[in-house]
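The values are calculated or read from the model by the stated rules, or taken from the named source; none is laboratory data. Worth saying up front: this structure is predicted, and the values here are computed from it rather than measured. No Cβ is skipped: glycine too gets one built from the backbone with ideal geometry, and neighbour counts run over all protein chains shown. SASA here: full protein model, heavy atoms, side chains in, ligands and nucleic acids out. Shrake-Rupley method; radii C 1.70, N 1.55, O 1.52, S 1.80 Å.
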Amino acid sequence: MSLIHTKDLTKTFRIFEKEPGLTGSVKSLFNRKFIDKTAVANFDLCVEQGEFIGLIGPNGSGKTTLVKMLTGIIAPSSGEISVLGFYPNKLETLFKKQYAVVMGQKSQLFFELTPMDTFRLFKELYGIPEKTYKRNVDDFVELFGVSELLNVQVRTLSLGERMKLELIAALLHNPGLLFLDEPTIGLDAATQRNMRGFLREVNSRKSTTIILTSHYMEDVRTLCPRCVVINGGKKIYDGGTDSLFDMYQSRKKITITFGRETDFIPPEGAETLERSPYRAVFILPKDQAGKIAAQITRDYDIADISIEEEEIGKTVEKIYAAKGLNNETEAGA
Amino acid sequence: MKNLRFILLLLKLRLSHMMVFRLSFFGAFFADGTLFLMQLLSFSVIYGQVDAIGGWSRGQMLVFVGTFSMINAINMTVYFFGLINIPELIRGGGLDLYITKPVNPLFRLTFENADPGSVPLLCLSGAIIAYGLSVEGAPLTAPLIAGYVAFVLIMTLLYYDMELILRTIPFFVISAAAIDRLEGDLLTLNFKIPGIIYKGGFKILFYFIMPYGIMATVPTQFVTKTLTPAGLVHAVCAAALFTVFALWFWRFGLKHYKSAM
């Protein structure tokens, strides 16, 4: 049986609609109008034990609403939903003991106290036996390298340090299912990389099923073998992350630094990003990149050359555009 | 047992949190004590010059004021500062973090912001009640004291129910600030006026719809042996019904929680 199973899952919110201005406000006092907004529509999803899934989509696409239904925070309007064999919005204690959720923008740590104080509360909340608690604290503290932060007031920690401790708090009770909502938001590139390493380790070492929502496509690309693209509340792609990028990341960027002044002109069909007598940057179709690079290396005095995947943000824009979507651009940060 | 351990841990964390800020920690005792003295002053100005109000003697009035103060002090010490956060948690989506934890969110909210600064008020309220009883000169027996304590606790529960009901309304509306103000005004009024004074529509309002009128009145009537059997039944039924409704309303609200969509 799947760990998560949804069928025709739908969530509709009733939203107050007001005409602009004072007249509109007065009218709304006596004749209030509401509109129905469907945040998630007829959503089918199956997730198996141990999977690491990325949930991507632009702002307002419905991914957070979906996660909130899966965690029981909000009730679905219609459709079937089963998570770990439970109906989430029944909010059964046994269900809540088996998953954890980390929200990048909502801290679970006591700001004025130390991380150990929060860990103690979580031990009590989840009824973690003393032995397991100690072992998990030791394991995760070692894995995340945060031993010197345990008895420090949380408010004095950096965002990256706080996020590591948020993850430790969430993992103390060995959840089988972990929801991560923007866990790398606001972190610098190096900390993001570290965080990805930790998550990969948690997924493989503990076989924890992870559902990751992120605007940083690099998170999804490097961590999630499977991704689900959602927009307008509808699922528009569910499959291999690599396949998705293979489909849409169809170009490569070549950066060349010449050893001497040249009159180099990028090949026909390439999109030139930068050109000077000593340097050229251009994008061209993936299947031509190798051949063209080899030719340039033969014909010119090359000081340095690099071939990179097309910028991930551009790829995401293409994914949404190809699906006829209105991307709000932040998805490809 | 598990719940008790959890409450004790919440209390420890709350104390640790308060002690981080020394001024705030010691200031709480001062602020709550000052508030209490102001209430007493207000009472003495109003009732200092009369011997009886609505058939109640000066001793009964003192017990009434002490009782209301006691109920309010228990409220402030135990759950007020937890419940008062609920509307903001609903509006800002902070309730998500409570809902996803394997403990009843209401239970945690009720006990996680206890305020030791209000503990002295419990002692002061007790002193006023004792003084009122001595002025009244009524003989006290163990069953009478036990019954009085039981009624104070039942009425504290009723007070809790009212606070919870009002703070559950934000699940359904955008802003409930006006309700907060209304509650404050009604409490101030009922702190000063014993329920026996209310007649007609006011009696219906303060005995049945928003029963602030019986909260301190009924325990006072009990300990001064003026509570009728009908009054006793009404008080117990009101507390039971409001508790059932408050808990149902909370659960109903949770089902309609939109999590700051």
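Which residue, of A:Asp242, A:Asp263, is within 19 Å of A:Lys318 (Cα to Cα), out of contact with any Phe, Trp or Tyr (no Cβ under 9 Å at 6 or more places or on another chain) and of a type in the set (Asp, Glu)? Steps first, answer last, please.
Details: A:Asp263 fails: within 19 Å of A:Lys318 (Cα to Cα).
Exactly one residue qualifies, and that residue is A:Asp242.
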**Request:** Please verify whether the stretch A:70-79 includes one or more residues that are at pLDDT 95 or above, in the same structural domain as A:Lys234 (by TED's automatic domain parsing), closer than 19 Å to A:Ile230 by Cβ and in contact with a Gly (Cβ under 8 Å, 6 or more places away or on another chain).
**Result:** no
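Can you find a residue in the stretch A:235-248 that is of a type in the set (Lys, Arg), touching a strand residue (DSSP E or B) at 6+ places or on another chain (Cβ under 7 Å) and either outside the structural domain of A:Pro76 (by TED's automatic domain parsing) or under 30 Å from A:Thr132 (Cβ atoms) (or both)? Lay out the reasoning, then the answer.
Our first condition is that a residue be of a type in the set (Lys, Arg); within the stretch A:235-248, this holds for A:235.
If we keep only those that are touching a strand residue (DSSP E or B) at 6+ places or on another chain (Cβ under 7 Å) as well, we get A:235.
Filter once more, keeping what is either outside the structural domain of A:Pro76 (by TED's automatic domain parsing) or under 30 Å from A:Thr132 (Cβ atoms) (or both): none.
Taking every residue of the stretch A:235-248 in turn, none turns out to be of a type in the set (Lys, Arg), touching a strand residue (DSSP E or B) at 6+ places or on another chain (Cβ under 7 Å) and either outside the structural domain of A:Pro76 (by TED's automatic domain parsing) or under 30 Å from A:Thr132 (Cβ atoms) (or both).
Looking only at the stretch A:1-35, which residues are in contact (Cβ under 8 Å) with a residue 40 or more places away in the chain and open to solvent by 100 Å² or more (accessible area, probe 1.4 Å)? Let's see the steps before the verdict.
Restricting attention to the stretch A:1-35, the residues satisfying the condition of being in contact (Cβ under 8 Å) with a residue 40 or more places away in the chain are A:1-12.
Within the stretch A:1-35, just A:Met1 meets the criteria.
Looking for whichever is out of contact with any helix residue (DSSP H, G or I) (no Cβ under 6 Å at 6 or more places or on another chain) and either of a type outside the set (A, V, I, L, M) or on the phi > 0 side of the Ramachandran plot (or both) here; the options are A:Lys18, A:Lys63, A:Lys123. Which one fits?
Details: A:Lys18 fails: out of contact with any helix residue (DSSP H, G or I) (no Cβ under 6 Å at 6 or more places or on another chain); A:Lys123 fails: out of contact with any helix residue (DSSP H, G or I) (no Cβ under 6 Å at 6 or more places or on another chain).
Checking each option against the conditions leaves just A:Lys63.
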**Item:** Scope the stretch B:203-227; condition among the aromatic types (Phe, Trp, Tyr) and open to solvent by less than 10 Å² (accessible area, probe 1.4 Å); matching residues
**Value:** B:Phe206, B:Tyr212
**Request:** Would you please name the residue that is farthest from B:Leu106 (Cα to Cα), looking only at residues in the stretch A:76-97 that are of a type in the set (S, T, N, Q) and more than 11 Å from chain B (Cβ to nearest Cβ)?
**Result:** A:Ser78
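If you take the residues in the stretch B:233-261 that are aliphatic (A, V, I, L, M) and at pLDDT below 95, which one is nearest to B:Leu106 (Cα to Cα)?
Residues of the stretch B:233-261 that are aliphatic (A, V, I, L, M), as a first pass: B:233, B:235-236, B:238-241, B:244, B:246-247, B:254, B:260-261.
Those still in the list that are at pLDDT below 95 too: B:254, B:260-261.
Values: B:Leu254: 10, B:Ala260: 19, B:Met261: 21 Å.
Filtering first and then ranking leaves B:Leu254.
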**Request:** Name the single residue, out of those in the stretch A:36-46 being surrounded by 13 or more Cβ atoms within 10 Å (Cβ to Cβ) and within 14 Å of chain B (Cβ to nearest Cβ), that is modelled with the lowest pLDDT.
**Result:** A:Lys37
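Okay, residues lined up against (1) away from every other protein chain (no Cβ under 14 Å); (2) modelled with pLDDT of 90 or more; (3) crowded, with 20+ Cβ neighbours inside 10 Å:
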| residue | (1), (2), (3) |
| --- | --- |
| A:Lys106 | no, no, no |
| A:Pro115 | no, yes, yes |
| A:Thr118 | no, yes, yes |
| A:Leu121 | no, yes, yes |
| A:Glu124 | no, yes, no |
| A:Pro129 | no, yes, no |
| A:Asn136 | yes, yes, no |
| A:Leu150 | yes, yes, no |
| A:Gln153 | no, yes, no |
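Yes/no matrix, rows are residues, columns are (1) among the aliphatic types (A, V, I, L, M); (2) open to solvent by 20 Å² or more (accessible area, probe 1.4 Å); (3) free of Cβ contacts under 8 Å to residues at least 12 places away in the same chain:
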site: B:Thr156; (1), (2), (3): no, no, no
site: B:Tyr159; (1), (2), (3): no, no, no
site: B:Met162; (1), (2), (3): yes, no, no
site: B:Phe171; (1), (2), (3): no, no, no
site: B:Ala178; (1), (2), (3): yes, yes, yes
site: B:Asp185; (1), (2), (3): no, yes, yes
site: B:Thr188; (1), (2), (3): no, yes, yes
site: B:Lys192; (1), (2), (3): no, yes, no
site: B:Gly195; (1), (2), (3): no, no, no
**Asked** Do the conditions hold for A:Thr184, that is, is it modelled with pLDDT of 90 or more and buried (at least 20 other Cβ atoms within 10 Å of the Cβ)?
**Response** no
**Item:** Residue pairs meeting the criteria (Cβ under 9 Å; at least 6 apart or on separate chains; first at pLDDT 85 or above, in the stretch A:281-293; second in a helix (DSSP H, G or I))
**Value:** A:Ile283/A:Lys314; A:Leu284/A:Ile292
**Whichever residue in the stretch B:1-17 is surrounded by 14 or more Cβ atoms within 10 Å (Cβ to Cβ) and more than 19 Å from A:Gln153 (Cα to Cα) and, among such residues, is farthest from the other protein chains (Cβ to nearest Cβ)** = B:Ile7
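Select from the stretch A:244-257 the residues that are within 22 Å of A:Arg298 (Cβ to Cβ) and open to solvent by 40 Å² or more (accessible area, probe 1.4 Å) and list them in ascending order. Reasoning before the result, please.
So the first thing to find is which residues in the stretch A:244-257 are within 22 Å of A:Arg298 (Cβ to Cβ), and the list is A:252-257.
Residues satisfying the conditions are A:Lys252, A:Lys253, A:Thr257.
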**Complete:** Restricting the stretch B:228-261 to residues that are hydroxyl-bearing (Ser, Thr, Tyr) and surrounded by 14 or more Cβ atoms within 10 Å (Cβ to Cβ), the one nearest to B:Glu163 (Cα to Cα) turns out to be B:Thr243
**Subset of the stretch B:229-261 [over 18 Å from the mean Cα position of the chain (by Cα) and aliphatic (A, V, I, L, M)]** = B:Ala230, B:Leu232, B:Val233, B:Leu254, B:Ala260, B:Met261
**Prompt:** Conditions: (1) open to solvent by 30 Å² or more (accessible area, probe 1.4 Å); (2) in the same structural domain as A:Thr65 (by TED's automatic domain parsing). A:Arg260 meets all but one. Number of the miss?
**Reply:** (2)
**Message:** Taking the conditions exactly as written (away from chain B (no Cβ under 14 Å) and more than 22 Å from the chain's Cα centre (by Cα)), does A:Pro20 satisfy them or not?
**Reply:** yes
**Request:** Inspect the stretch B:191-214 for any residue being under 18 Å from B:Ser69 (Cα atoms), under 14 Å from the mean Cα position of the chain (by Cα) and at pLDDT below 90 and give the result as yes or no.
**Result:** yes
**Yes/no for A:Arg226 being open to solvent by 20 Å² or more (accessible area, probe 1.4 Å) and touching a helix residue (DSSP H, G or I) at 6+ places or on another chain (Cβ under 7 Å)** = yes
**Asked** What helices (runs of 4 or more DSSP H) lie completely within the stretch B:84-128 and have 2 or more residues being within 13 Å of chain A (Cβ to nearest Cβ), farther than 21 Å from B:Glu183 by Cβ and not aromatic (Phe, Trp, Tyr)?
**Response** B:96-99, B:105-111
**Message:** Quick test of your reading of the structure: A:Leu94 fulfils all but one of (1) surrounded by fewer than 19 Cβ atoms within 10 Å (Cβ to Cβ); (2) in a loop (DSSP other than H, G, I, E, B). Name the failing condition by number.
**Reply:** (2)
